[in-house]
There are 2 protein chains.
Amino acid sequence: MTFKAALDDFKFNLMDMGLLKSVQALPGFEEVTDDVVLAVLEENARFVEEQIAPLNAVGDREHAQWSNGQVKTVTGFKEAFKAYTQAGWQALQHDVNYGGQGFPKTIAAITSESLHSANLSFALCPLLTDGCVEAIYQAGSEEQKQKYIPPMLEGRWTGTMNLTEPQAGSDLALLNTKAVKQADGTYRISGQKIFITYGEHDMAENIVHLVLARTPDAPPGVKGISLFIVPKFLVNEDGSLGKRNDVWCASIEEKMGIHASPTTVLIYGDNKGEVGEGAIGYLVGEENAGLAHMFVMMNEARFNVGVQGFALSERSYQQALAYAQERVQGNVEGSKGAVPIIQHPDVQRMLHTMRALTQGARATALYTAMHQDLAHHHPDIEQRKQFKAIQEYLVPIVKAFSTEMAIEATSLGVQVHGGMGFIEETGAAQHFRDVRITAIYEGTTAIQANDFIGRKTLRDGGAVGKYFVAEMQKTVAELQASGNEKLGFIAQQLEQAVKAYHVSIDEVLVMAKEGAMKAAFSGSVPFLMLAGYVHAGWHLARAALVCEGKSAPFYQTKQATAIFYAAHLLPRVTALAATLKSSRIVADLGFTE
Amino acid sequence: MTFKAALDDFKFNLMDMGLLKSVQALPGFEEVTDDVVLAVLEENARFVEEQIAPLNAVGDREHAQWSNGQVKTVTGFKEAFKAYTQAGWQALQHDVNYGGQGFPKTIAAITSESLHSANLSFALCPLLTDGCVEAIYQAGSEEQKQKYIPPMLEGRWTGTMNLTEPQAGSDLALLNTKAVKQADGTYRISGQKIFITYGEHDMAENIVHLVLARTPDAPPGVKGISLFIVPKFLVNEDGSLGKRNDVWCASIEEKMGIHASPTTVLIYGDNKGEVGEGAIGYLVGEENAGLAHMFVMMNEARFNVGVQGFALSERSYQQALAYAQERVQGNVEGSKGAVPIIQHPDVQRMLHTMRALTQGARATALYTAMHQDLAHHHPDIEQRKQFKAIQEYLVPIVKAFSTEMAIEATSLGVQVHGGMGFIEETGAAQHFRDVRITAIYEGTTAIQANDFIGRKTLRDGGAVGKYFVAEMQKTVAELQASGNEKLGFIAQQLEQAVKAYHVSIDEVLVMAKEGAMKAAFSGSVPFLMLAGYVHAGWHLARAALVCEGKSAPFYQTKQATAIFYAAHLLPRVTALAATLKSSRIVADLGFTE
């Protein structure tokens, strides 16, 4: 099954929905013209379709292989990674001063989506490298930036994030990897990290591990965590590779999906290298400030994992659509004999659901990426703060909604195939298996929901949430004012959903005010999911307005997608809000076996 | 992870909810005393926990292996099947006149659940054999019954259902396997069947294939399909095995789950046996009446696949619960340091959701099984008809709701484990992968929904549906009359859901009356799912009434489960009903790319 990057919808979001214009108005992005952007997107589409997508099924069958501390990646990955980095894709969104190309996040989010659609297992290596680059860029010294960033952008080295330990997953307070300061200012790191994506592989000369660890006198909990650069091979003054550091891959995991992505167990300080006992690490920023630095990286990563959700939904949708057009089975009203199953109302419902969720999640994410660009580049510092608040509010929505809906969307992708969907050869099952991790890693849905309630809703008294409620109400008014029946239907559905959103924000605020935090957290995931449904529905409703009166088939279809979303998906907001309303009763139940 | 059969909940449904009393009152079930039933359930629990459950992970890793037409099942299956059949479990629900034990369906549904929880891949062999026995029992000649049923109940032979062909899956009208009558009254069968579960294996001496095929002069479509017995080895007069028949296993499928269950491609008529060209088959019943006979088997199978849904949800729940009790991570309000994650509100939400869905689906299924017993054994023929109508109405609900909710429940089972859930060794992922087929085989959810609208709602003008609405309203009144606050909460939630159910039935009737069938079928899956949610919620609401005033922990927990269901799951009914309300708008959209 051929994958095609969703160029039309990318262009729609950028051009018709006005995202690109907002970005182009920012200082530093003057050269990001429409022509340049289109050229980049088309070249990126061609590249991932031809060179990356075909490796997806291969990797699922072969799995990354561990042997004696080494990891052999699957057929074609090494060459593909070389091609990817040589074509400059790894450098796209990074600072020109360190070898980057300085493209806006809004564009990088799109190329990232296509890469993830093409091959999630492959894409994780560039993704983690992006995160590593970003953390060093934000928190590292000038020397560290110059030393580590350019080789990563060139694809000679890759990067990782080392957070999790067996006893410390969601709860980083529990981590106990040790970092002991040496006379020369370096640190010796020892401990065990698990779930380290691409912690070992054969696609690059060196691997830059970013490691969270504790110094001996650090305070307990998350306030005593420091961030270190621990390269697999030490780097000489001239940038050449030196001694083998004391970090080792003890094994890789056998997982439900993303089989081609090595998920490694790393041992620090096993005295097997050329540096003596303890991996040599270099402090990034200040001691005990590691979590804040890692959060930079994690917010990036969370956004990108959200992108993975709709990226795989898009690919699953394309595959289901193609199958539905080909497979002949069953009659419909008025047909003479069996018809392609795409004519069956329930197959249409499934394809509509997949597409509406995918496009709604994408619109939400690209809108978020645009706000990240605004937050970083807008000339007005006050406005930058506001844009940042908006972006940060949206990150948990993008992460949790896109990935949770993706489980449903890719499951429908299996379902459209009927029995064939369960057969691995078909390929539909891989998307369903692969995407399942996205609602877990980089913070589970519950972690996102805690963040959404705690830091994003309560801290500002619901201000950003209510800003969106007001914006959404304006859209409702515009839809109503159109006098168009279909837009009126969307208005009616959206109005109800926005009302439920508004009420829910207030309920969370009241629960917090009255100290009913257990109740609030009992409803936190429903609250976050309802926000996701209404934000995605709002963007599609805005899209429906933009499409009104335009006769090209793309616009007609987009409007149909918005109508379907309003009919089938917006009602979920009310149901989730009802759940939240009963939170106190549920919290009182506790849990007994 | 140890699996335990859900004995307490089985007993609750049988004893407290009164299912067993209704069955015991039927002629022929006088000996099915409480003591006998409890002994059977306890012995069954012990058997599946000790002998079947431990093979589940093994089978997932090993996969059934095909080689040169033979299928080797995984380690331990052959011995386990021998133990299973020798202990008499295969005979449990069948007629004593053919070697069965004559137990009611209500009891068989329970032992079937535990077997499926223990090992879905294994359980499929007995399940298909049950279906084969049932079809021969209902439609076969006396000679066929005597010849084929006893060896299947003894476990010497197993049975299969051969419906699907590459071009004929959901649409049996398209099947074209040929059956040509011979001078001796037998038929020669040729063609290809796919997705035949346990179509070849090494666990028994012989396999009895039930095959749908067409005679040369048969009318086109489903009215020209006949049913044949095609044994792998012909059976001599004395019951001993004779020549190898011309049916061959060409390959088995590589699937997302149920790896230990061989899903075979069978070739009929390849002239490789000892009988010449064409497999020898024996007509069951009349020519061209095959579909009706197969429907007997399919209805049984559909019910049992529904059971699989909550069976795997139960096992997934037990595993998630155990993990949540052990895994220490993160603080909660008032805790000093990290706590077992079961104390986190969102983990409680997930476990509650899993348990509420599982127990609601189980209660619905056992209530359905009881009606099957009533439909077969009640002395009054008019009442039997009514019971049959009720049972048949519920079968698509049991099949579709239990399996669709199971995707969610087992997904939550993965989620509770965090990152460990994605690692195969943990075992949580297997349930999620295994259960995915249940919403597909024996009629996809859409096929169930078409049946639910067409044959189960429109044919009787919504009579059975409205019977249930009235019954549910009575429960609402009882809950309200209790004066108890918690029961009052359930009443309020159930009342809304029942109202939505009622309105939805009427809407389907109106759409059909006005010829808006495309609209009706656009909303058919939401309609079926909302029925599932409200039926399951109704049974739990009834359970909450039964539990009121009882202080034993089980009853308290059951009531909490009912309250949670009312708070978190009943609101979905309203959302699904809202979807149905927009069906005409959605149907008008059609689907354009």
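The values are calculated or read from the model by the stated rules, or taken from the named source; none is laboratory data. None of these values were measured; they are calculated from a predicted model. Methodologically, a virtual Cβ is constructed for each residue, glycine included, from the backbone with ideal geometry; neighbour enumeration extends over all protein chains shown.
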When residues of the stretch A:376-413 are limited to those that are aromatic (Phe, Trp, Tyr) and in contact (Cβ under 8 Å) with a residue 60 or more places away in the chain, the one surrounded by the fewest Cβ atoms within 10 Å (Cβ to Cβ) | A:393
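Quick one: which of B:587, B:544 is farther than 24 Å from residue B:521 by Cα and either more than 8 Å from every other protein chain (Cβ to nearest Cβ) or in contact (Cβ under 8 Å) with a residue 24 or more places away in the chain (or both)? I'd like the intermediate steps shown before the answer.
Numbers: B:587 fails: farther than 24 Å from residue B:521 by Cα.
Being farther than 24 Å from residue B:521 by Cα and either more than 8 Å from every other protein chain (Cβ to nearest Cβ) or in contact (Cβ under 8 Å) with a residue 24 or more places away in the chain (or both) holds for just one of B:587, B:544, which is B:544.
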Which residues, counting only those in the stretch A:68-89, are of a type in the set (Ser, Thr, Tyr) and either in contact with a Gly (Cβ under 7 Å, 6 or more places away or on another chain) or in a helix (DSSP H, G or I) (or both)?
-> A:84, A:85
Counting residues that are basic (Lys, Arg), surrounded by fewer than 18 Cβ atoms within 10 Å (Cβ to Cβ) and at pLDDT 95 or above, which strands (runs of 3 or more DSSP E) fully inside the stretch B:122-223 reach at least 1?
-> B:178-181
Would you point out which residue out of B:154, B:134, B:165, B:113 is charged (D, E, K, R), more than 14 Å from chain A (Cβ to nearest Cβ) and touching a Ser or Thr at 6+ places or on another chain (Cβ under 7 Å)?
-> B:154
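Can residue A:501 be described as of a type in the set (Ser, Thr, Tyr) and away from chain B (no Cβ under 14 Å)? Can you show your working first?
Working: of a type in the set (Ser, Thr, Tyr): yes; away from chain B (no Cβ under 14 Å): yes.
Here the answer is yes, as residue A:501 does meet what is asked.
Can you confirm whether residue A:292 is on the phi < 0 side of the Ramachandran plot and modelled with pLDDT under 95?
Values: on the phi < 0 side of the Ramachandran plot: yes; modelled with pLDDT under 95: yes.
Considered against the rule, which asks whether it is on the phi < 0 side of the Ramachandran plot and modelled with pLDDT under 95, residue A:292 comes out as yes.
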For the stretch B:295-340, how many residues are under 14 Å from residue A:593 (Cα atoms) and surrounded by 19 or more Cβ atoms within 10 Å (Cβ to Cβ)?
-> 8
Could you list, in sequence order, the residues of the stretch B:323-346 that are part of a helix (DSSP H, G or I) and facing chain A (nearest Cβ under 10 Å)?
-> B:324, B:325, B:341, B:342, B:343, B:345, B:346
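Select, from A:464, A:498, the only residue that is at pLDDT 95 or above, within 28 Å of residue A:295 (Cα to Cα) and surrounded by 17 or more Cβ atoms within 10 Å (Cβ to Cβ). Walk me through how you get there before you give the answer.
Numbers: A:498 fails: within 28 Å of residue A:295 (Cα to Cα).
So the residue among A:464, A:498 that is at pLDDT 95 or above, within 28 Å of residue A:295 (Cα to Cα) and surrounded by 17 or more Cβ atoms within 10 Å (Cβ to Cβ) is A:464.
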Residue under evaluation residue A:405, criteria (1) within 11 Å of chain B (Cβ to nearest Cβ); (2) part of a helix (DSSP H, G or I), criterion not met = (1)
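Within the stretch B:567-584, can you find the residues that are small (Gly, Ala, Ser), touching a Pro at 6+ places or on another chain (Cβ under 9 Å) and at the interface with chain A (Cβ under 7 Å from one of its Cβ atoms)? Lay out the reasoning, then the answer.
Keep residues of the stretch B:567-584 that are small (Gly, Ala, Ser), which gives B:567, B:575, B:577-578, B:582-583.
Now drop any that are not touching a Pro at 6+ places or on another chain (Cβ under 9 Å), which leaves B:575, B:577-578, B:582-583.
Scanning the stretch B:567-584 gives B:575, B:578, B:582.
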A careful count of residues in the stretch A:478-506 that are closer than 25 Å to residue B:588 by Cα, in a helix (DSSP H, G or I) and of a type outside the set (Val, Ile, Thr) gives 16
What single numbered condition from (1) within 7 Å of chain B (Cβ to nearest Cβ); (2) within 28 Å of residue B:342 (Cβ to Cβ) fails to hold for residue A:564?
-> (2)
State yes or no: is residue B:509 within 30 Å of residue B:168 (Cβ to Cβ), surrounded by fewer than 24 Cβ atoms within 10 Å (Cβ to Cβ) and either in contact with a Leu (Cβ under 6 Å, 6 or more places away or on another chain) or aliphatic (A, V, I, L, M) (or both)?
-> no
Between residues in the stretch B:154-168 that are without any contact (Cβ under 8 Å) to a residue 24 or more places away in the chain and on the phi > 0 side of the Ramachandran plot and residues that are surrounded by fewer than 24 Cβ atoms within 10 Å (Cβ to Cβ) and part of a strand (DSSP E or B), which pairs lie under 8 Å by C-beta distance while being six or more apart or on different chains?
-> none
By residue number, the members of the stretch A:28-84 that are touching a strand residue (DSSP E or B) at 6+ places or on another chain (Cβ under 9 Å) and polar (S, T, N, Q) are A:65, A:70, A:73
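Out of curiosity, is residue A:424 surrounded by fewer than 19 Cβ atoms within 10 Å (Cβ to Cβ), more than 13 Å from chain B (Cβ to nearest Cβ) and out of contact with any Ser or Thr (no Cβ under 9 Å at 6 or more places or on another chain)?
Values: surrounded by fewer than 19 Cβ atoms within 10 Å (Cβ to Cβ): yes; more than 13 Å from chain B (Cβ to nearest Cβ): no; out of contact with any Ser or Thr (no Cβ under 9 Å at 6 or more places or on another chain): yes.
No: the conditions fail for residue A:424.
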Among the residues of the stretch B:293-331, write down those that are more than 30 Å from residue B:345 (Cβ to Cβ) and free of Cβ contacts under 8 Å to residues at least 24 places away in the same chain.
-> B:295
Residues in the stretch B:232-250: is at least one polar (S, T, N, Q), within 14 Å of another protein chain (Cβ to nearest Cβ) and either in a loop (DSSP other than H, G, I, E, B) or surrounded by 22 or more Cβ atoms within 10 Å (Cβ to Cβ) (or both)?
-> no
May I ask you to list pairs of residues, at least six apart or on different chains, whose Cβ atoms are under 7 Å apart, with the first in the stretch B:59-86 being closer than 15 Å to residue B:124 by Cβ and the second being in a strand (DSSP E or B) and hydrophobic (A, V, I, L, M, F, W, C)?
-> B:64/B:71; B:64/B:252; B:71/B:249; B:71/B:252
Among (1) touching a Pro at 6+ places or on another chain (Cβ under 9 Å); (2) buried (at least 23 other Cβ atoms within 10 Å of the Cβ), residue B:451 falls short only on (2)
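Within the stretch A:1-61, considering only helices (runs of 4 or more DSSP H) that don't extend past its boundaries, which have at least 3 residues that are aliphatic (A, V, I, L, M) and surrounded by 14 or more Cβ atoms within 10 Å (Cβ to Cβ)? If you could, list the steps in order and put the result at the bottom.
Numbers: elements: A:7-11, A:19-24, A:34-47.
The helices (runs of 4 or more DSSP H) meeting that bar are A:19-24, A:34-47.
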Going through the stretch A:415-425 in order, the residues found to be without any contact (Cβ under 8 Å) to a residue 24 or more places away in the chain and among the β-branched types (Val, Ile, Thr) are A:423
How many residues does the stretch B:538-574 contain that are in a helix (DSSP H, G or I) and over 13 Å from residue B:493 (Cα atoms)?
-> 16
Whichever residue in the stretch A:509-528 is within 13 Å of chain B (Cβ to nearest Cβ) and not small (Gly, Ala, Ser) and, among such residues, is farthest from the chain's Cα centre (by Cα) | A:511
Tell me, which residue of the stretch B:297-337 that is at pLDDT below 95 and of a type in the set (A, V, I, L, M, F, W, C) is nearest to the chain's Cα centre (by Cα)?
-> B:301
Determine the pairs where a residue that is facing another protein chain (nearest Cβ under 9 Å) and outside any helix (DSSP H, G or I), located within the stretch B:427-455, has a partner that is of a type in the set (Asp, Glu) and surrounded by fewer than 24 Cβ atoms within 10 Å (Cβ to Cβ) with Cβ atoms under 9 Å apart, the partner being 6 or more residues away or on another chain.
-> B:444/A:346
